[in-house]
1. Any residue that is surrounded by fewer than 24 Cβ atoms within 10 Å (Cβ to Cβ), in contact (Cβ under 8 Å) with a residue 24 or more places away in the chain and polar (S, T, N, Q) - is there at least one of those in the range 107-120?
2. Identify the single condition in (1) under 19 Å from Asn51 (Cβ atoms); (2) among the aliphatic types (A, V, I, L, M); (3) in contact with a Phe, Trp or Tyr (Cβ under 9 Å, 6 or more places away or on another chain) that Leu344 does not satisfy, given that it satisfies every other one.
3. Suppose we keep only residues that are in a strand (DSSP E or B) and out of contact with any helix residue (DSSP H, G or I) (no Cβ under 8 Å at 6 or more places or on another chain) within the range 78-133. Which one would you say is nearest to Arg146 (Cα to Cα)?
4. Are any residues in the range 73-93 at pLDDT 95 or above, of a type in the set (A, V, I, L, M) and surrounded by fewer than 23 Cβ atoms within 10 Å (Cβ to Cβ), and if so, which ones?
5. Looking at Ser200, is it in contact (Cβ under 8 Å) with a residue 24 or more places away in the chain, farther than 19 Å from Leu258 by Cα and hydroxyl-bearing (Ser, Thr, Tyr)?
6. What is the residue count in the range 309-326 for residues that are buried (at least 18 other Cβ atoms within 10 Å of the Cβ) and acidic (Asp, Glu)?
7. Is it the case, given these coordinates, that Leu299 is in contact (Cβ under 8 Å) with a residue 12 or more places away in the chain and within 29 Å of Ala256 (Cβ to Cβ)?
8. Please work out which residue is nearest to Ala405 (Cα to Cα), limiting yourself to the range 37-67 and to residues that are crowded, with 20+ Cβ neighbours inside 10 Å and small (Gly, Ala, Ser).
Amino acid sequence: MQDSQASAAPAFTPLRLGPLTLRNRFIKAGANEGMTPHGLPTQALVRHHRNLAAGGVGMTTVAYAAVADDGLTFAHQLSMRPEQVPHLRVLTDAVHREGAAACLQITHAGSFTTMRHGGSRAPGSASSGINAFGMMHGVYFQRAMREADMARVAGQFAAAARLAREAGFDAVEIHMGHGYLLNQFLSPLSNRRRDAFGGSVENRTRFPAAVLRQVKDAVGDGLAVCCKLSVSDGVPGGNQPADSAVTARMLEAEGADLLTLSGGRNVESPWVLFGSPMPTAQMKAAAPTALARFGITMLERSTPRDLAFRELYFLEASRVVRQAVRMPLAYVGGVKSLDNVAQLMAEGFDCIALARALIHDPALVANWRSGAVRRSACDSCNGCVARIYDPAGVSCVHGPGNDPALTRLVALQ
């Protein structure tokens, strides 16, 4: 254990990200908490992130805030509006008291939505056509965004970042992965445009890069500006690591302070994101409609039969991006032990981003540092994913769960 701790020691040292210095290299990755009923931060959300900060992370990421109401995926998702600021300030103050930094993940759903925004049956996306995800929720079509639409959405990202700064966040993470709007432009699975925003990977990156540029201009040196990037879609016809390396170089040139490397798409390849089968039985139980349950059945049929969890499952793809850029990179995907941490530090990754392991044990980083444990006891069953839709919010299925009363209380109460 001492050898592992010594080799992993660089992960416990500070790291500079633009204007922000983290106390260590461990980040709670953005993962939907399900603790914002009616779109409001709750005491449960505050406690969740305070516990992560107290457990030793350098920065915790609050997921996943829509930059505008028309960018929501779900009705209960956090949406950035001025009236949210005092509630979110309660959360950031709690995180800061525990010595950690707070990051807000900002996103726009595009066509990955369950909602008919403003009565429209066709949310904006990279290209027009059938909305594969929306079909399960009565949102059957999507429309190709025009440049005026892109300019409006880029402005919404910038406005959300300014509100995050006002709420006391130290960083924002622009979500460019997993099939949300910016990823809908990046991925050839959804981008079939023939104009300056489609075709080559450079063209497909133009709109996400413009969003980053506008956010950087909006917050100046007041916030670290990070991006979450899928290194691979994980299915034929999708982005490959070499494509993501090109995108990473363009984001580096636009001044991103950190890239968090993830993978997979919520519709076409969610198992890629988690590196293991989805808990489809639990997901069906929580599904609100018969169409949604049918979609989960189709997911079961498309999941590879031989899929089995392996540690560091994004490492090969992430190495391609690591070789392409000099900027700070956060690795995410199957980190289970101090040995994993030591390997990632040796390979030149700057941060370790964790989600399921910290849901299982919010104090994992402190326990690693003290030598109390060497490995996470998280078994990657993905039961926590289904619990996003539980009234009490995300928690480990092997633990006690959350107090439902706290999700009925907004942060200021």
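The values are calculated or read from the model by the stated rules, or taken from the named source; none is laboratory data. Remember, it's a predicted structure, so these values are computed and weren't measured experimentally. For neighbour counting, all protein chains shown are included, and Cβ atoms are generated from backbone atoms with ideal geometry for every residue, glycine included.
1. So the first thing to find is which residues in the range 107-120 are surrounded by fewer than 24 Cβ atoms within 10 Å (Cβ to Cβ), and the list is 114-120.
Still in the running and in contact (Cβ under 8 Å) with a residue 24 or more places away in the chain: 114-115, 117-118.
Within this subset, residues satisfying the condition of being polar (S, T, N, Q) are 114.
Taking every residue of the range 107-120 in turn, at least one turns out to be surrounded by fewer than 24 Cβ atoms within 10 Å (Cβ to Cβ), in contact (Cβ under 8 Å) with a residue 24 or more places away in the chain and polar (S, T, N, Q).
2. Of everything listed in (1) under 19 Å from Asn51 (Cβ atoms); (2) among the aliphatic types (A, V, I, L, M); (3) in contact with a Phe, Trp or Tyr (Cβ under 9 Å, 6 or more places away or on another chain), Leu344 misses just condition (1).
3. First, pick out the residues of the range 78-133 that are in a strand (DSSP E or B): 79, 101-107, 124-125, 129-130.
This time we only want the ones that are out of contact with any helix residue (DSSP H, G or I) (no Cβ under 8 Å at 6 or more places or on another chain), so: 103, 105, 129-130.
Details: Cys103: 30, Gln105: 25, Gly129: 15, Ile130: 18 Å.
Per the stated criteria, the residue is Gly129.
4. Val85, Val90 - these are the residues of the range 73-93 that are at pLDDT 95 or above, of a type in the set (A, V, I, L, M) and surrounded by fewer than 23 Cβ atoms within 10 Å (Cβ to Cβ).
5. Details: in contact (Cβ under 8 Å) with a residue 24 or more places away in the chain: no; farther than 19 Å from Leu258 by Cα: yes; hydroxyl-bearing (Ser, Thr, Tyr): yes.
For Ser200, the condition - in contact (Cβ under 8 Å) with a residue 24 or more places away in the chain, farther than 19 Å from Leu258 by Cα and hydroxyl-bearing (Ser, Thr, Tyr) - is not met.
6. Matching residues across the range 309-326 total 0.
7. No; evaluated as a whole, the condition is false for this residue.
8. Result: Ala44.
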